[in-house]
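Step one of this worksheet: look at the structure below.
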Amino acid sequence: MSAVPNAPPATIPHHVAIIMDGNGRWAAQRGLPRIEGHERGTDNIRRITFAAGELGIKCLTLWAFSTENWRRPPDEIRGIMRILGEVILRETEELHRQGAQLRHIGSLDGLPDDTRRAVLEAIELTKANNKLVLTLAFNYGGRQEMVEAIRALVAAGLTADEIDEPAIARFLYTRDLPDPDLIVRTSGEHRMSNFLLWQAAYAELFFTPILWPDFGPDDLCAAVAEFGRRERRFGRVSAELVSDPTA
Ligand code: IPE
Ligand code: IPE
Ligand code: MG
């Protein structure tokens, strides 16, 4: 059965990135421990990945843990790491069958060994797939990404003249990914919180109050439909203004 209930919107963004926020509040609203929210939020990854594939989205990036999330209580961090390792072990075969290629952006340093191993094995298993590129942003921070890029660029011996926008992009974690067309943030927060700072330069932003565990295929469809109504000008004047004889 299709996960996408209505007729799919006409304009499909090539790359959608999601800030999966609101797991803690979802749990608190039900009197549950925060970790239950993370369990339910992680379960939602399968549903949204499937819906994204059905909609024809080619790249889906999901942010699960930020470099700043290390500031949380150790118990919560340990729980999130455990859940991530488990979900990768549990879901990789199915993702592989569906033709999804799993990637990771962020740093694998500091992760528990088994979590890191699970991520690397899933990447290796699925590397030849091309139906959907599913990138997990885990232990990801935009500023850290830029610091690492600049270090690598210096280590590679680039001269000042050789440094331009494409050169910088080649040193980011996202070197093999197009910039996101649409960034969705759940849970009602209206901020980027250090996500894809360079890559988001011209992304359309979509904010919804829905908490991540409740964000379903219909909501993804609504975000994509809204994307289709936006006019992306990339600094130019609008097509309508250009063709207006009085303009
Ligand atoms: C998002 O949900 C998951 C992570 C940041 C790891 P939160 O845990 O931030 O949920 P809220 O924002 O407290 O509701
Ligand atoms: C951003 O959410 C990180 C992820 C969703 C993975 P946070 O909940 O950490 O962001 P802030 O602290 O509210 O800005
Ligand atoms: Mg949050």
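The values are calculated or read from the model by the stated rules, or taken from the named source; none is laboratory data. Quick caveat: nothing in here was measured; it's all calculated off a predicted structure. Here the Cβ positions follow ideal geometry from the backbone for every residue, glycine too, while neighbour counts run over all protein chains shown. These accessible areas exclude ligands, DNA and RNA; they are computed on the full protein's heavy atoms, side chains included. Shrake-Rupley method; radii C 1.70, N 1.55, O 1.52, S 1.80 Å.
Given a Förster radius of 25 Å and the C-beta distance between A239 and A200 as r, what FRET efficiency does 1/(1 + (r/R0)^6) yield to the nearest 0.05?
Details: r = 24 Å, r/R0 = 0.95.
Here the calculated transfer efficiency is 0.60.
Would you mind computing, in nm to one decimal, how far apart the modelled labels at R229 and S107 are, each placed 7 Å from Cα along Cα→Cβ?
4.2 nm
Which percent of the accessible heavy-atom area of the chain goes to carbon and sulfur, probe 1.4 angstrom?
Numbers: 6880 of 13040 Å².
Of the solvent-accessible surface of the chain, carbon and sulfur hold 53 percent.
Residues of the chain: accessible area per residue at 1.4 Å, in Å²?
Accessible area per residue: 53 Å².
Go ahead and collect, in residue order, the members of region 187-204 whose backbone nitrogen is under 11 Å from a label point 7 Å along the Cα-Cβ direction of Q29.
In region 187-204, the label zone of Q29 (backbone N under 11 Å from the point 7 Å along Cα→Cβ) covers 187-188.
To one decimal place, what orientation-averaged projected area in nm² is obtained for the convex hull of the Cα set of the chain? Walk me through the numbers on the way to the answer.
On the way: hull surface 66.0 nm².
Computing the convex hull of the Cα atoms and averaging its projections yields 16.5 nm².
Got the relative contact order for region 98-220 handy, in percent, Cα pairs under 8 Å and 6 or more residues apart? Intermediate values should be presented prior to the final figure.
Values: 134 pairs, mean separation 28.9, N = 123.
Dividing the mean separation by the residue count of region 98-220 yields 23 percent.
From the P(r) of region 24-78, can you give the percent of Cα pairs sitting at distances over 15 Å? Mind dumping the intermediate values first?
Details: 880 of 1485 pairs.
That tail contains 59 percent of the Cα-Cα pairs.
Give me the one-decimal nm value for the distance between modelled label points at A10 and D218, 7 Å along each residue's Cα-to-Cβ direction.
It works out to 2.4 nm between the two label points.
Add -39500 (n - 2.57) for each DSSP H run of 4 or more in the chain, then divide by its residues: what number comes out at 222 nm, to the nearest 500 deg cm²/dmol?
Numbers: 8 runs with 105 residues, N = 247.
Roughly -13500 deg cm²/dmol at 222 nm, from the helical runs in the chain.
How much net charge surrounds I88 when only the other residues with a Cβ under 14 Å from the Cβ of I88 are counted, with Lys and Arg +1 and Asp and Glu -1?
Values: positive: R46, R82, R90, R103, R116, R117; negative: D43, E86, E91, E93, E94, D113, D114, E121, E124.
So the surrounding residues net to -3.
Let's test the formula: R0 of 30 Å, r as the Cβ-Cβ distance of E93 and R191. What FRET efficiency results, to the nearest 0.05? Intermediate results must be reported in sequence, preceding the final value.
Details: r = 36 Å, r/R0 = 1.20.
Efficiency for this residue pair is about 0.25.
Once you place label points 7 Å from the Cα toward the Cβ at V147 and L125, how far apart are they in nm?
Output for this residue pair reads 3.4 nm.
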